[in-house]
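Below is one structure, written out as structure tokens, with a few remarks after it.
Please treat every number below as a calculation from the coordinates, not as lab data. All of these numbers come straight from a predicted model, not from anything done at the bench. Note: ideal-geometry Cβ built from the backbone for every residue, glycine included; neighbour counts use all protein chains shown.
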Amino acid sequence: MHIRKIKVEGYRTFRKFELDLNERLNIIVGDNETGKTTLLEAINLVLSCQIDGRNIQYELNPHIFNSAMVEDYFTSLKKGKYAAPPHILIEAYLGDDGGQSSQLAKLKGTNNSAGEDCPGLYLKVEFNEDFADDFLAYASSPGNPSLVPIEYYAVAWRSFADNSVAARNLPFRATIIDTSLIRGSLGPNKYLSRIISECLDEKQRRLLSMAYRKLKDAFVKEPGILRRALNTSH
């Protein structure tokens with residue numbers, strides 16, 4: 001399985017963005033503040049429904065919406081014009097490598113903005129119509145800040161087959177390995193331990209532990225390493 005295309009609307013720096021991805025390796029290059037980290041966040045979000053390790057439902061805040069989209073919305077209201085409330089839509093179009101066809105089949109459908117019949121996931125953060133009157137009253141009031149009232153928003157995480165998604169039922173896991181999150185001498189150990197615990201099964205953890213011991217043993221046997229250790233102890 002691989003992600004062959006990603007679409008992002010209304011999320012942070014991306015008002016509308018689309019990127020085709022290679023099957024094996026993708027290197028994202030760009031200047032600071034151009035959206036490299038945001039793109040990785042968006043991919044992780046649509047694959048896990050999480051931001052910083054927590055479900056997005058509990059991490060919603062007005063600042064994850066695209067600022068230009070939000071500004072245009074409130075400007076339109078002030079001019080007495082109707083505009084659709086700001087929203088977030090992230091779509092991951094998946095490619096089947098052959099080994100997971102039966103599992104990916106559950107995610108296949110045409111419920112995506114392109115109308116493609118393929119496996120995939122989408123995550124949508126949009127205005128809840130049940131609060132239409134309250135939302136409009138808030139947004140139209142000149143005394144309220146021009147920020148999205150997230151209390152009136154709902155999150156939908158679904159497959160292209162238009163079925164609800166649960167992380168435990170997906171044939172893959174996603175995580176962001178970001179060295180900027182590492183702080184202090186204990187940071188690397190805790191950070192790597194969390195990644196290993198979340199992303200590897202029991203067999204993989206055992207193999208990793210064995211490989212580590214082999215590397216450690218080989219390192220100690222390198223010429224000069226043991227002699228230097230003995231000299232230091234004296």
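Of note:
- Positive contributions from Lys and Arg (+1) and negative ones from Asp and Glu (-1), summed over other residues with Cβ under 13 Å from the Cβ of Val148, come out at -3.
- Two-decimal Rg to Rh for the stretch 29-86 - Kirkwood Rh, Cα set: 1.09
- Most tightly packed first, judged by the mean number of other beta-carbon atoms within 10 Å of their residues, the peptides 8-18, 131-141 read 8-18, 131-141.
- Put simply, the amide H of Tyr11, placed in the peptide plane, has neighbours under 5 Å in Asn66, Leu89, leaving out anything fewer than 5 places away on its chain.
- Each peptide among 34-41, 20-27, 49-56 gets the average number of other Cβ atoms lying within 10 Å of its residues, and from highest to lowest they stand as 34-41, 49-56, 20-27.
- Where only alpha carbons of the stretch 2-179 are counted, the Rg and the Dmax (Å): 17.3, 56
- Under 18 Å from the Glu23 label point (7 Å along Cα→beta-carbon), backbone N, the stretch 117-161: 118-120
- For Gly95, distant residues with modelled amide H under 5 Å away: His2, Ile3, Arg4
- Summing charges over all other residues whose Cβ lies under 15 Å from the Cβ of Ala137, with Lys and Arg as +1 and Asp and Glu as -1, gives -4.
- Partner lysines for Lys7 [C-alpha distance under 20 Å; skip if fewer than 8 residues away on the same chain]: Lys16, Lys36, Lys108, Lys124
- Order by protection proxy (mean Cβ within 10 Å, highest first), peptides 74-85, 145-156: 145-156, 74-85
- Inter-label distance for Lys36 and Ala156, nm, one decimal - labels placed 7 Å from Cα along Cα-to-Cβ: 3.5
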